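The values are calculated or read from the model by the stated rules, or taken from the named source; none is laboratory data. For clarity, every value in this text was computed on a predicted model and none was experimentally measured. Cβ placement follows ideal geometry from the backbone for every residue including glycine, while neighbour counts extend to all protein chains displayed.
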Amino acid sequence: MKALFGLVSYQGTVLIDGKEVRIANPKQAIDHGIAFVTENRKEEGLVLMHDVNMNTHHVAFQYNASRMGLINHRQEEAKTLQSIARMNTKVSSVHQAVGALSGGNQQKIVLSKWLEKTPRILLLDEPTRGVDVGAKFEIYNVIRQLAAAGTAIILVSSELPEVMALSDRLVVMRNKTIADIYSCENLTQTQVMTAATGVR
């Protein structure tokens, strides 16, 4: 995941729409339409002391500025309210510090900040870790809506039922290499665990 977002170096080839691209840093990844929801939202996904509004527009900030570098704060707050409604995020106001939110609502803010950029490719690393059941299913619905709208999604999760419920194809890794690739239709957990462990 981090390699695809330009956070670490990699070997091999990355293709987008059949064309090879080189991603050396996050800016290049963003320019290619890639968004990355990290597994560690508190340290890598949010600025906890900042408010909901600032965190929602953290990524899109430079793109929302006018040619003179000015930000229309009223318009920005209106977009934040739209994101809150779309994600059903529970906040007292757009000026509430995200550090005061529940884990599920924090994760919704992380997703919202990337959706502001309308990504072509969304990388999700443990997207429901540490969130309550209600927020988990709301996040699932957003993921399904994005996929249905044409967003390419790469999901990594330690919860096998989650992966199987959300994915069209499942790639099983073993010893840092691809062990098998499955269509999720009629796939069983036993097949996946057999491929992951190599024990038959």
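So the values come out like this:
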{"item": "The one condition in (1) charged (D, E, K, R); (2) part of a strand (DSSP E or B); (3) outside the structural domain of residue 143 (by TED's automatic domain parsing) that residue 20 fails to fulfil", "result": "(3)"}
{"item": "Residue that is farthest from residue 36 (Cα to Cα), among those in region 86-102 that are modelled with pLDDT of 95 or more and part of a helix (DSSP H, G or I)", "result": "100"}
{"item": "Residues satisfying the stated conditions in region 108-122, i.e. part of a loop (DSSP other than H, G, I, E, B) and either among the hydrophobic types (A, V, I, L, M, F, W, C) or crowded, with 17+ Cβ neighbours inside 10 Å (or both)", "result": "116, 119"}
{"item": "Check on residue 124, in contact with a strand residue (DSSP E or B) (Cβ under 8 Å, 6 or more places away or on another chain) and at negative phi", "result": "yes"}
{"item": "Which listed residue is surrounded by fewer than 15 Cβ atoms within 10 Å (Cβ to Cβ), under 26 Å from residue 84 (Cα atoms), of a type outside the set (A, V, I, L, M, F, W, C) and out of contact with any His (no Cβ under 8 Å at 6 or more places or on another chain), from 175, 186, 141, 105", "result": "141"}
{"item": "From 163, 192, 199, residue being over 25 Å from residue 83 (Cβ atoms), free of Cβ contacts under 8 Å to residues at least 60 places away in the same chain and either in contact with a Ser or Thr (Cβ under 8 Å, 6 or more places away or on another chain) or charged (D, E, K, R) (or both)", "result": "163"}
